[in-house]
Amino acid sequence: MRGVSKRFGDVQANNNVDFDLYPGEVHTLLGENGAGKSTLMKILFGIHRPDAGEIRLRGEPLDIHSPADAINARIGMVHQHFMLAPSLTVAENVALGTKSSRRFVSDLAAVSERILELSEHYGLAVDPSAEVWQLSVGERQRVEIIKVLYRDAELLVLDEPTAVLTPQEVEDLFGILRQMTTDGRGLVFISHRLPEVMDLSDRITVLRNGTTVGHTSPPETSRIELARMMVGRDVVLAPDIPDHQPGEVALSIRNLSVMGDRGVKAVENVDLEVRSGEILAIAGVSGNGQRELAEAIAGVRDSEPGSTISVDGVDVSSLPVKERRQVGISYVPEERMHDGAIADFSVWENLLLVNHTEFSERGMLSAGKIKAHAQELVKKFSVKTPDVDTPTRHLSGGNIQKVIMARELEAAPRVLVAAQPTRGVDIGAAEYLHGQLIAQRSKGLGTLLISEDLDEILALADRIAVMYEGEIVGIVDRADATRQDLGLMMAGSASTEA
């Protein structure tokens, strides 16, 4: 790719970018959200047309008008934002756009058989007959990976492909990817996880604000230097967590069982305690009941009879969401644009969503008070936005997450349930959000942190509970935790076995 430029209205997404990929190598694209990585790769995959520049494949000019052109050229892309039809099954999604062995009739049995082969070979367990809307975020990511593997792409773009894997599965996947490069395939790797980038990459290109700021390779650089190139300043990769003695139990969960969307128990007989001034992290591969656990605590999903959820000794198991919030539960959901914010609402409207009463006068909302409060929160939480009237969809993922975090923490909760709080956000925003969680810990907030990023968990948690198939298989103190042991527990081993 030579001299590639792309503008969306007033935003220059790519500005004269050069990027190349050789057969048999892994070339990593690094950069914050909005740096232009996804736009560049969407141009390669035919989703966007460049304003300027050229693409050559195997030395020949390549004019890509659509993803079909890219697929025919044996280019595959695993997207960060899923390209799946929710109402169709996994097999139907994989079959879309491919030729059937039965000509005009789809052969889903053959597709399903191949999916099961790929699932077993790559360790990416997916049920071919499951409808996509029933799947967790992590399971949908696996379907995207299988789609590309199914098409036998020669040039693969992988956008955050390891987000839902255990350390052992990441290691296995990297072995497979290296075998692909040995076979002559070229891989473009996009990841926020700097240890993975250093481990897998042959070369690294860093983008910032749509332009290339540098090319390097693992022997020539470090995690600290890569973070500095991405953000343009020094970044704290390992937050300093002050010694702190947790207080009384803030959140108590006893015998919690929760039904999933497929009509079977997603959470079964879970017992947990989170103390004030403590961060308890839930580790596990996506799809093992973490989402249902968080939703049950927040009150947006029913728990089974006999389950008990208490805050400061008050049983909230039968209370609706509003009353749970009044008792002291705040919730940062894992899908911020589906459950956490309304895209077409302004920043101030999203900040107001859960608290109206203090801004009303004689039964009418006071616009002046509301916007003054919103501006205060935007400043306090370092939200980058032109103004509080800006539609939330125009903000970066990291800034949308800051809006949600500001709204939830401003409620002065006793318990915060934070599900995947830094998923898909850039390294600068993640640094800020981590700082907020640590600061709230010092103020006595009890936090249940649900994350699939072991680096994040090991950096923040006081204690770590591991979920597997809806059950807690072990709880360990951070000081005693290792990636290897946590990975074994995430794969189903009990803590004693690990």
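Taking the conditions exactly as written (within 25 Å of Val466 (Cβ to Cβ) and either small (Gly, Ala, Ser) or part of a helix (DSSP H, G or I) (or both)), does Ser318 satisfy them or not? Walk me through how you get there before you give the answer.
Numbers: within 25 Å of Val466 (Cβ to Cβ): no; either small (Gly, Ala, Ser) or part of a helix (DSSP H, G or I) (or both): yes.
Criteria not met by Ser318.
Could you please give the count of residues in segment 432-453 that are over 15 Å from the mean Cα position of the chain (by Cα), among the charged types (D, E, K, R) and farther than 19 Å from Gly328 by Cα?
0
Out of the residues in segment 435-453 that are surrounded by fewer than 21 Cβ atoms within 10 Å (Cβ to Cβ) and in contact with a Pro (Cβ under 8 Å, 6 or more places away or on another chain), state the one that is farthest from Ala406 (Cα to Cα).
Looking at the filtered set, the residue picked out is Ser442.
Return only the number of the condition from (1) within 24 Å of Gln401 (Cα to Cα); (2) modelled with pLDDT under 85; (3) assigned to a helix (DSSP H, G or I) that Gly368 does not satisfy.
(1)
Give segment 187-236 a look and list any residue that's in contact (Cβ under 8 Å) with a residue 60 or more places away in the chain, part of a strand (DSSP E or B) and surrounded by fewer than 17 Cβ atoms within 10 Å (Cβ to Cβ), or say none.
Scanning segment 187-236 gives Arg203, Thr211.
Looking at Pro161, Pro239, which one is in a loop (DSSP other than H, G, I, E, B) and crowded, with 21+ Cβ neighbours inside 10 Å?
Numbers: Pro239 fails: crowded, with 21+ Cβ neighbours inside 10 Å.
Matching residue, one of Pro161, Pro239: Pro161.
Across segment 103-157, what is the total count of residues that are exposed (fewer than 15 other Cβ atoms within 10 Å of the Cβ), outside any loop (DSSP other than H, G, I, E, B) and among the acidic types (Asp, Glu)?
Selection size over segment 103-157: 3.
Can you name the residue in segment 318-352 that is in contact with a Lys or Arg (Cβ under 9 Å, 6 or more places away or on another chain) and within 21 Å of Arg254 (Cα to Cα) and is also surrounded by the fewest Cβ atoms within 10 Å (Cβ to Cβ) among such residues?
Val327
How many residues does segment 460-495 contain that are touching a residue at least 60 places away in the same chain (Cβ under 8 Å), of a type in the set (A, V, I, L, M) and in contact with a helix residue (DSSP H, G or I) (Cβ under 7 Å, 6 or more places away or on another chain)?
7
Can you work out which of the residues in segment 354-369 that are of a type outside the set (S, T, N, Q) and touching a helix residue (DSSP H, G or I) at 6+ places or on another chain (Cβ under 7 Å) is surrounded by the most Cβ atoms within 10 Å (Cβ to Cβ)?
From segment 354-369, those of a type outside the set (S, T, N, Q) are 354, 356, 358-359, 361-365, 367-369; that's our starting set.
Keeping just the survivors that are touching a helix residue (DSSP H, G or I) at 6+ places or on another chain (Cβ under 7 Å) gives 354, 359, 365, 369.
Details: Val354: 15, Phe359: 18, Leu365: 13, Lys369: 13.
Top of the filtered list is Phe359.
With the structure loaded, tell me whether Leu409 is modelled with pLDDT of 90 or more, more than 28 Å from Ser286 (Cβ to Cβ) and buried (at least 20 other Cβ atoms within 10 Å of the Cβ) or whether it fails that test.
On the way: modelled with pLDDT of 90 or more: yes; more than 28 Å from Ser286 (Cβ to Cβ): no; buried (at least 20 other Cβ atoms within 10 Å of the Cβ): yes.
Against the criterion (modelled with pLDDT of 90 or more, more than 28 Å from Ser286 (Cβ to Cβ) and buried (at least 20 other Cβ atoms within 10 Å of the Cβ)), Leu409 does not qualify.
Pick from Gly46, Gly76: which is over 23 Å from Gly210 (Cβ atoms) and either modelled with pLDDT of 90 or more or in the same structural domain as Asn15 (by TED's automatic domain parsing) (or both)?
Every option except Gly76 fails the conditions.
For segment 335-353, check the following and say yes or no: at least one residue is under 30 Å from Pro242 (Cβ atoms), in a loop (DSSP other than H, G, I, E, B) and touching a residue at least 12 places away in the same chain (Cβ under 8 Å).
Of segment 335-353, the ones under 30 Å from Pro242 (Cβ atoms) are 336, 340, 351.
Checking the rest, the ones that are also in a loop (DSSP other than H, G, I, E, B) come to none.
Looking through segment 335-353, none of the residues is under 30 Å from Pro242 (Cβ atoms), in a loop (DSSP other than H, G, I, E, B) and touching a residue at least 12 places away in the same chain (Cβ under 8 Å).
Looking at segment 379-391, which of its residues are over 25 Å from Ile450 (Cα atoms) and assigned to a helix (DSSP H, G or I)? Let's see the steps before the verdict.
We begin by selecting, within segment 379-391, every residue over 25 Å from Ile450 (Cα atoms); these are 379, 384-391.
Residue satisfying the conditions is Lys379 alone.
Would you point out the residue of segment 214-256, among those that are modelled with pLDDT of 95 or more and of a type in the set (A, V, I, L, M, F, W, C), that is farthest from Gly328 (Cα to Cα)?
Leu256
The values are calculated or read from the model by the stated rules, or taken from the named source; none is laboratory data. Note that the structure is a prediction, hence the values are computed from the model and not measured. All Cβ positions, glycine included, derive from the backbone under ideal geometry; neighbour counts span all protein chains shown.
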